[in-house]
Each structure stands twice: as structure tokens, then as C-alpha cells.
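We did not get these values from a lab; they are worked out from the coordinates using the rules stated. Since we're looking at a predicted model, the values are computed, not measured. Heads up, the Cβs are rebuilt from the backbone with ideal geometry, glycines too, and the neighbour counts pull from every protein chain shown.
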Amino acid sequence: MGDSITLKCSCGKLVGEIERSAANRSTRALCFCVDCQAFAHYLGNHETVLDSQGGSDVTQISPARIRFSEGKEHLACMKLSDNGMVRWYAQCCNTPIGNTMANPKVPFIGLLHKCMYPSEGESLDDVFGPATMVVYPEFAHGEPKPKGNSWSFALGVARLVKNIITARLLGDASRNPFFDFSTGNPITSPTILSEQEREDLRTRVGT
Ligand SMILES: [Zn+2]
Ligand SMILES: [Zn+2]
């Protein structure tokens, strides 16, 4: 077991690694929000990325713990609207990578499970612990709706905020491989959807 786990798109052109120590300051969530579901529909792989009720399995860490070694030119990003999160994916095969804020001063990324490869016989739960936050369960498909525990949700949010503050204190805001620090912008310009495109996607999500 190395000191990092592999980050990779499904076709293997984009390769990187995540320091295992990132797990010391991580949180995990199962997010059912319409935007996360719309992103999976945008990439056309909602059937493999989302769980049976439309949930996205998200691991939240500091982006400073990520390094890309191959194919960084395949990284692309989009925003569902002007103000939304920046949603990153590998454009070679539409593998979702993760969501960041538009501002690198908030050192945070929510990685989607499809791009992470722990060691043989090891699960993401083993590395980062199980998801303790269930986000927007009201937008889950089917019944019964997934049930979160409000106490673990509150603890998760508190931990997430603490992790972001700690990451900032450690200087992680200037070690973010998704941003160009000479401009403060994402390394590649996000595609921003029009209102119509966004509405079309939301219709396809169909919650
Ligand atoms: Zn790929
Ligand atoms: Zn979401």
C-alpha cells in the first residue's frame, strides 16, 4: 500500500495521485441535489456515476493533496450557471473528477468516486471512512428517500468547514492544480451552460 491512491479517468489518459494523508482531513457525502445529477447527465454517464436513487458519492479533500502526472490537458470543466461550482471532468472519456469553488482561495474539492482507485481489496470507505452526510435526500428518486442522520450531517459540515480553514492556514490555497495562480482562474475556461441548456438537463434529471 503506497502513500497515495490513484486518480484516473476511465480511459486512462488522465492520471494522477491523491496523498493518503488527505484522509486525515476529509469528509464524505452522498449528494442527491439536482445540480450534481444534472452534471452526470451532462456527461452522459449518469447510469454509472449515480447510485440507483441519483446520488453522487463525493469525497471532500484539499486539492493541494492531488497531483496530476499524465494527460492534464484532458481536464475540462463546466458550470451549470454563472455562479455555480466549477465541475471538472476528463474530456477524453467524460469521467467526472470533482467540484471546486470558482475561487481557489477556498481550498476544497469534492471528488466523484469514479476517478479514485484505492489499492486492491480496499474500498473508498476503508481509505476515507464512510459517507456521513446525506445531502438533499428530498431529490432522490423513488421511495423510501435515503435517510441521513441530522447529527452526523451537522458534524460533517463542521468538520468540512474546519478542514477548509486548516487547509488555508497550511497555504493550500496556493497549491491547487486546478487553478492558474498567475490569473486566479481555472487552468481551462469552464463551459457555462445557458439557462435553456440547464433547464433541459434538469428535465432529464426528472426529480
Ligand atoms: Zn479519459
Ligand atoms: Zn450535489
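Can you pull a Stokes-Einstein diffusion coefficient for the chain at 37 °C (0.692 mPa s), Rh from Kirkwood over Cα pairs, as a whole number of µm²/s?
The Stokes-Einstein estimate is 190 µm²/s.
List PHE39, PHE179 from most exposed to least, where exposure is judged by having the fewest other Cβ atoms within 10 Å.
So the ranking, lowest neighbour count to highest, is PHE179, PHE39.
Starting from segment 28-115, pick out the trypsin sites (Lys or Arg not before Pro) whose DSSP state is loop and whose Cβ has at most 16 other Cβ atoms within 10 Å.
Passing both the DSSP loop test and the Cβ count: LYS105.
In the structure displayed, which of LYS8/LYS79; LYS79/LYS114; LYS8/LYS162; LYS79/LYS162; LYS79/LYS147; LYS79/LYS145 lie more than 24 Å apart, Cα to Cα?
On the way: LYS8/LYS79 22 Å; LYS79/LYS114 19 Å; LYS8/LYS162 28 Å; LYS79/LYS162 26 Å; LYS79/LYS147 29 Å; LYS79/LYS145 27 Å.
With Cα atoms farther than 24 Å apart: LYS8/LYS162; LYS79/LYS162; LYS79/LYS147; LYS79/LYS145.
If each DSSP helix of 4+ residues adds -39,500 (n - 2.57) and the sum is divided by the residues in the chain, what number results at 222 nm, nearest 500 deg cm²/dmol?
It comes out at -7000 deg cm²/dmol, rounded to the nearest 500.
Could you work out the relative contact order of the chain, using alpha carbon pairs under 8 angstrom and six or more residues apart, expressed as a whole percent?
Numbers: 419 pairs, mean separation 58.6, N = 207.
Reported relative contact order: 28 percent.
Rounded if a/c is under 1.5, else prolate if a/b beats b/c, else oblate: with a ≥ b ≥ c from the C-alpha gyration tensor eigenvalues square-rooted, which is segment 77-148?
It comes out oblate by the Cα gyration axes.
P(r) for segment 62-106, please, calculated from all Cα pair distances in 5 Å bins and given in %.
So the P(r) values, bin by bin, are 5, 20, 27, 28, 15, 4, 0.
Calculate the length of the line joining the C-alpha centroid of segment 142-207 to that of segment 32-46, in whole Å.
Taking the Cα centre of segment 32-46 as reference, the centre of segment 142-207 is 13 Å away.
Comparing SER194, SER182, SER69, which has the greatest mean-square fluctuation in the GNM of the chain with Cα pairs linked when under 10 Å apart?
Judging by the Gaussian network model, the answer is SER182.
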